[in-house]
Structures are given as structure tokens and as C-alpha cells.
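K.L.:
Got a structure for you, written out below as C-alpha cells; questions coming shortly.
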Ligand code: PMP
């Protein structure tokens, strides 16, 4: 694996800014949706084996030119992150646990043999970019500016090996509320045929291939009227791993359980925040293997009290229905459970600066 460290840290003052002369018209707050519009600027930084990561720059948002043989197109050497900037009630701009995203980006890169970046430098660059485009942060109560850092292998050539040239980019997209009509439960399809990841594979990394391989199952589930797929382990197809692009929690007989980080699950930052919040409220949270059979058994016995997914996009996504094979269960009477609601209100309250931030998550 190639692993090059920055020899001398570049200070944020050295991040060159090339301002966009033609600022775009900002979209209407009601039509934002997710990932449709992009701000006026982006952060770019290149890597070469000789120079390491060098010359971070904020430049006008726009297309880039790549050689058709750029290695990312052929073998998928890519990693990405997803995080958000919020406007607080008093008009300040803040990020939520951005250091955790920087760290996870490097952990993903390590798995895909992409050279690691200076986490502090990248965060400073992202803060500078958000500052540059802060007028793009939507005002709406539950809207935010979605930030997508990613790295691609740009070296031309078809040999299968780690590239020696990369491009890091950070693009930003104003996003509307995930729940324009208030938080509501989703229905889930337990996937029996396809798997998302196996131990020793790339499931713990945020890399494009994991998402490409999940699209087929997602399409099949949606055709049957379910909005997300619940992924089972890749060997026995017995244990619950994740739901769509979210981690998953259940309340069974008063105890909150979530799949342990087994080596094929993405370690969600929302997952970690949820565990810490629940523990601070006095709940017992157990990270362990949970079989889908155990879950359906609990539902039949009336002890499955709540289920919800956790992730940056939706924060908390209550699960109202779940279909496995021929059986469909309803959870919390198909309504949003008490814990899901409290977690959603607390995390969004901390993000928006409406609530105290006891863990120092707002940056
Ligand atoms: N699992 C997968 C596969 C994901 O893509 C995401 C979204 N990043 C998550 C879980 C949730 O992670 P986070 O809470 O950090 O957004």
C-alpha cells in the first residue's frame, strides 16, 4: 500500500482562491430536494507520488478533464464522505462532528490504497469553502448544505495497481428537509439474494463500488413498494447488517440493540452519536449480532418495540414495516416510535444550535 505523508503542513492561508466571476442564481428553497444543485465553488487538491498532496485550491465549480484511461474509471479506486453545514438559529454556520468524517475518509482510503490526507488541513479547506459559499446554506428549519468530499485515481493506465496520481475534490449542494411533512416511518425489504459486503471486503469503507453493487437490490425492493433494503451478512444471510445507506437499531423488550461493527458494516457517525446519546439518557445499548429470525420472533411475541435507521441524510429514519420472505411485520403500529422521535429532535436540535451541545459535536 502507498502511504505518503505531507512533509510540511500547508496552512489554510496558502489555499489559493480563484473566485467565480459568474455566480449562479440560487434555487428556490422549496424545490431543493437532495443533490440537485451545486454551489459556486469547489475545493480541489492533487496528489502525485513525487509531490504528495499539494496545492489545495478553491476554484469555480465546474467540469474537470480526465484521461479516458484514468484508473478510477476502470478499477474504481475512489472514496467519499458525506457531511453537512447548518445555519444555526442565531445565524452562525456550523458543522457536525466534521473531524469524524475526515478520519473516516482516511480509513476508507487506507482500505482502497489511496494515500492519506492531512485531516486538519482538509477540514480547514472545507471550512474555507463553506465560508466562501455560505450564502448557499438554506435558511429552512431542517435544510442544510450537504458537503461531499471525494478522491479519485486520476493516473492514466490500465494496469491493476494503486494509482500514483489522485484528485481530491469537495463539492457542496444545498439540501431541503429530508422530511418536508415531518418525520415518518419507512417500509423495508429484507434482501435474501444479494449481499452488500463480506468480512474482509470493502463494506467498512465509503467507496463507490459498495453503492454500485447495492443499486440492483434497491430497484427490486422499490418495485415492490419498499423504500429501502435491509442487508444481511454475506455468508449465512442470517444476521442484520445495515439498512440502505444507514445503520440500524432495534428496541426489543426495553433493550436497544444494534449490529456490532463486524468488519463489513460502515461505522456511521450518526450511529456513534445515537449510542452516546442513548447511554447518556440511561438506556442500555448492546452492540451484538442480531438475526433476522430473532427480530421476527420478537415481533410475533410483541416485544419488538421500535426500529430505526441512522445516517447523515435522514438523521433518524423510523421503520414502520418490514418484509422478509413471505412475512411482513408492522413496528410501533406503523408510527414513529418515542425513542426515534426524541433522538431526531435532539440531534437536529444540537445541529441547529437550538439545544445545548454536551458532547462538543458542533464545530
Ligand atoms: N451505512 C452506509 C452504507 C452509509 O453509506 C452511511 C452514510 N454515510 C451510513 C451507514 C451512515 O453513516 P453516517 O451516520 O456517518 O452518515
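K.L.:
Might you let me know whether segment 74-83 holds any residue that is surrounded by fewer than 22 Cβ atoms within 10 Å (Cβ to Cβ), in a helix (DSSP H, G or I) and at pLDDT 95 or above?
P.N.:
So far as segment 74-83 goes, yes, one or more of its residues are surrounded by fewer than 22 Cβ atoms within 10 Å (Cβ to Cβ), in a helix (DSSP H, G or I) and at pLDDT 95 or above.
K.L.:
Tell me, which strands (runs of 3 or more DSSP E) lie completely within segment 237-333 with 2 or more residues that are closer than 22 Å to residue 224 by Cα and away from the ligand (no atom under 16 Å from the Cβ)?
P.N.:
315-324, 327-330
K.L.:
Tell me whether segment 231-244 contains one or more residues that are closer than 23 Å to residue 98 by Cβ, within 16 Å of the chain's Cα centre (by Cα) and at pLDDT 95 or above.
P.N.:
Scanning segment 231-244 turns up at least one residue that is closer than 23 Å to residue 98 by Cβ, within 16 Å of the chain's Cα centre (by Cα) and at pLDDT 95 or above.
K.L.:
Being surrounded by 13 or more Cβ atoms within 10 Å (Cβ to Cβ) and free of Cβ contacts under 8 Å to residues at least 24 places away in the same chain narrows it down to one residue among 223, 216; which is it?
P.N.:
Only one candidate passes the filter, namely 216.
K.L.:
May I pose another question? Take residue 62 and tell me if it is over 26 Å from residue 159 (Cα atoms), at pLDDT 95 or above and within 16 Å of the ligand (Cβ to nearest atom).
P.N.:
In short, no.
K.L.:
Does residue 307 meet the test of being closer than 15 Å to residue 187 by Cα and at pLDDT below 95?
P.N.:
The answer is no for residue 307.
K.L.:
If you take the residues of segment 130-147 that are part of a helix (DSSP H, G or I) and closer than 20 Å to residue 312 by Cα, which of them is nearest to the chain's Cα centre (by Cα)?
P.N.:
130
K.L.:
In segment 346-354, is there at least one residue being more than 25 Å from residue 104 (Cβ to Cβ) and touching a residue at least 24 places away in the same chain (Cβ under 8 Å)?
P.N.:
yes
K.L.:
Restricting to segment 84-113, name every residue that is within 19 Å of the chain's Cα centre (by Cα) and part of a loop (DSSP other than H, G, I, E, B).
P.N.:
97, 112
K.L.:
Could you identify the single residue in 309, 302, 334 that is in contact with a strand residue (DSSP E or B) (Cβ under 9 Å, 6 or more places away or on another chain) and over 13 Å from residue 240 (Cβ atoms)?
P.N.:
From the options 309, 302, 334, the qualifying one is 334.
K.L.:
Does residue 229 fit the bill of being closer than 20 Å to residue 283 by Cα and not in a helix (DSSP H, G or I)?
P.N.:
Considered against the rule, which asks whether it is closer than 20 Å to residue 283 by Cα and not in a helix (DSSP H, G or I), residue 229 comes out as no.
K.L.:
Now for a different question. Inside segment 156-167, can you point out the residues that are outside any loop (DSSP other than H, G, I, E, B), surrounded by fewer than 21 Cβ atoms within 10 Å (Cβ to Cβ) and within 27 Å of the chain's Cα centre (by Cα)?
P.N.:
165, 167
K.L.:
Only one of (1) touching a residue at least 40 places away in the same chain (Cβ under 8 Å); (2) touching a strand residue (DSSP E or B) at 6+ places or on another chain (Cβ under 9 Å); (3) under 15 Å from residue 185 (Cβ atoms) fails for residue 292. Which number is that?
P.N.:
(3)
K.L.:
Given the criteria free of Cβ contacts under 8 Å to residues at least 60 places away in the same chain and either closer than 29 Å to residue 236 by Cβ or surrounded by 13 or more Cβ atoms within 10 Å (Cβ to Cβ) (or both), does residue 298 qualify?
P.N.:
In short, yes.
K.L.:
While we're here: Can you report the number of residues in segment 187-216 which are more than 30 Å from residue 44 (Cα to Cα) and either modelled with pLDDT under 95 or part of a loop (DSSP other than H, G, I, E, B) (or both)?
P.N.:
The qualifying residues number 10.
Quick grid of which residues meet (1) within 15 Å of the ligand (Cβ to nearest atom); (2) crowded, with 18+ Cβ neighbours inside 10 Å; (3) without any contact (Cβ under 8 Å) to a residue 40 or more places away in the chain; (4) closer than 21 Å to residue 347 by Cβ:
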{"site": "99", "(1), (2), (3), (4)": "yes, no, no, yes"}
{"site": "107", "(1), (2), (3), (4)": "yes, no, no, no"}
{"site": "114", "(1), (2), (3), (4)": "no, yes, no, no"}
{"site": "124", "(1), (2), (3), (4)": "no, yes, no, no"}
{"site": "138", "(1), (2), (3), (4)": "no, yes, no, yes"}
{"site": "154", "(1), (2), (3), (4)": "no, yes, no, no"}
{"site": "175", "(1), (2), (3), (4)": "yes, yes, no, yes"}
{"site": "179", "(1), (2), (3), (4)": "no, no, no, yes"}
{"site": "189", "(1), (2), (3), (4)": "no, yes, no, no"}
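The values are calculated or read from the model by the stated rules, or taken from the named source; none is laboratory data. Quick caveat, the model's predicted, so the values are computed rather than measured. Here the Cβ is made from the backbone with ideal geometry for all residues, glycine too, and neighbour counts use every protein chain on show.
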